[in-house]
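The next block holds one structure in the form of structure tokens; read it before the comments.
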Amino acid sequence: QVQLVESGGGLVQPGGSLRLSCTTSGIIFPLSTMAWHRQRPGRQRELVASITKDRVTNYSDSVKGRFTVSRDNGKKMVTLEMNSLKPEDTAVYYCNAIRRSDSWWGQGTQVTVSS
């Protein structure tokens, strides 16, 4: 059974930082591309960051320079370090694993940036 479990969300003030983690089971983690998506209120889900099995990273323009994605193959975990957070980063953040034609999702974790 595949499980992706996000943690680390919460309420943070503008300019603050949060670290999201996604622990996985049931997938061949080292061979999977891992990604973080988010869904802001009233908007479609969008890709925030991804990291391939070869650790090639990609970021949306809106988070480039502020967010960092990393992976730990030994722990089967992907992390999203979020700095200089803005109110517009408020969203539910989802972990996503992709391998070949398969894609798996976590249940999401809420991030709220507000003073």
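The values are calculated or read from the model by the stated rules, or taken from the named source; none is laboratory data. These numbers come from a predicted model, not from an experiment. Glycine also receives a Cβ, built like all others from the backbone with ideal geometry; neighbour counts cover every protein chain displayed. Each accessible area value is taken on the protein alone, full model and side chains, heavy atoms only, with ligands, DNA and RNA left out. Shrake-Rupley method; radii C 1.70, N 1.55, O 1.52, S 1.80 Å.
Tell me which of these Asp54 doesn't satisfy, since it passes every other one: (1) farther than 13 Å from His37 by Cα; (2) open to solvent by 40 Å² or more (accessible area, probe 1.4 Å); (3) in a strand (DSSP E or B). Among (1) farther than 13 Å from His37 by Cα; (2) open to solvent by 40 Å² or more (accessible area, probe 1.4 Å); (3) in a strand (DSSP E or B), the lone unmet condition for Asp54 is (3). Looking only at the stretch 29-51, decide whether some residue is among the hydroxyl-bearing types (Ser, Thr, Tyr), open to solvent by 60 Å² or more (accessible area, probe 1.4 Å), modelled with pLDDT of 95 or more and assigned to a strand (DSSP E or B). No: the stretch 29-51 contains no residue that is among the hydroxyl-bearing types (Ser, Thr, Tyr), open to solvent by 60 Å² or more (accessible area, probe 1.4 Å), modelled with pLDDT of 95 or more and assigned to a strand (DSSP E or B).
May I ask you to list the residues in the stretch 17-28 that are over 16 Å from Leu85 (Cβ atoms) and open to solvent by less than 40 Å² (accessible area, probe 1.4 Å)? Ser21, Cys22, Thr24, Ile27, listed by residue number. Checking the stated criteria, Thr52 turns out not to satisfy the condition of being hydroxyl-bearing (Ser, Thr, Tyr), touching a residue at least 60 places away in the same chain (Cβ under 8 Å) and touching a Ser or Thr at 6+ places or on another chain (Cβ under 7 Å).
One residue stands out among those in the stretch 88-115 that are part of a loop (DSSP other than H, G, I, E, B) and among the small types (Gly, Ala, Ser): the one that is farthest from Arg43 (Cα to Cα), which is Ser101.
On the stretch given as the stretch 72-113, residues that are basic (Lys, Arg) and touching a helix residue (DSSP H, G or I) at 6+ places or on another chain (Cβ under 8 Å) total 2. Restricting attention to the stretch 77-91, the residues being more than 10 Å from the chain's Cα centre (by Cα) and more than 16 Å from Lys53 (Cβ to Cβ) number 9. Take the stretch 88-115 and flag every residue that is hydroxyl-bearing (Ser, Thr, Tyr) and open to solvent by 10 Å² or more (accessible area, probe 1.4 Å). Thr90, Tyr94, Ser101, Ser103, Thr109, Thr112, Ser114, Ser115, listed by residue number. Cβ separations smaller than 7 Å between residues 6+ apart or across chains give no pair from the stretch 26-38 residues that are in contact (Cβ under 8 Å) with a residue 60 or more places away in the chain to residues that are assigned to a helix (DSSP H, G or I) and of a type in the set (D, E, K, R). Count of the stretch 3-16 residues, restricted to those that are outside any strand (DSSP E or B) and more than 11 Å from Leu80 (Cβ to Cβ), is 4. The listed residues are Leu80, Leu85, and the only one of them that is touching a residue at least 40 places away in the same chain (Cβ under 8 Å), open to solvent by less than 70 Å² (accessible area, probe 1.4 Å) and part of a loop (DSSP other than H, G, I, E, B) turns out to be Leu85.
Select from the stretch 58-72 the residues that are open to solvent by 60 Å² or more (accessible area, probe 1.4 Å) and either over 12 Å from the mean Cα position of the chain (by Cα) or of a type outside the set (Ser, Thr, Tyr) (or both) and list them in ascending order. Across the stretch 58-72, the qualifying residues are Asn58, Asp61, Lys64, Gly65.
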